[in-house]
Amino acid sequence: MFAMVTTVILYVGGFVFLYGVIRLAIRHALEEIEVRRIQAERAQDLAAHRDRTLLRENGFLTGS
């Protein structure tokens, strides 16, 4: 009987632990996605600013 109770407790505890690990992994993945999205947005803004600066300094490249 003791072996059965111990098995059930470990079995349920294992599922609770696994649920927690999966939840933690998903949370970290979502945070990483948010950080990468912000970095990509910032890189796009910097590239647009760099292009505008280049064209302003080198107006002959625009063909106007």
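Each reported figure results from applying straightforward, stated rules to the coordinates on display, with no laboratory input. It should be emphasised that the depicted structure is a prediction, and the values quoted were computed from it without experimental measurement. Counting neighbours? That spans all protein chains shown, and the Cβs are built from the backbone with ideal geometry, glycine included.
Below, the figures for the structure above:
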| quantity | calculated |
| --- | --- |
| Selection status of A3, surrounded by 10 or more Cβ atoms within 10 Å (Cβ to Cβ) and either touching a Gly at 6+ places or on another chain (Cβ under 7 Å) or not basic (K, R) (or both) | no |
| Subset of the stretch 6-58 [surrounded by 10 or more Cβ atoms within 10 Å (Cβ to Cβ) and either in contact with a helix residue (DSSP H, G or I) (Cβ under 8 Å, 6 or more places away or on another chain) or outside any helix (DSSP H, G or I) (or both)] | L54, L55 |
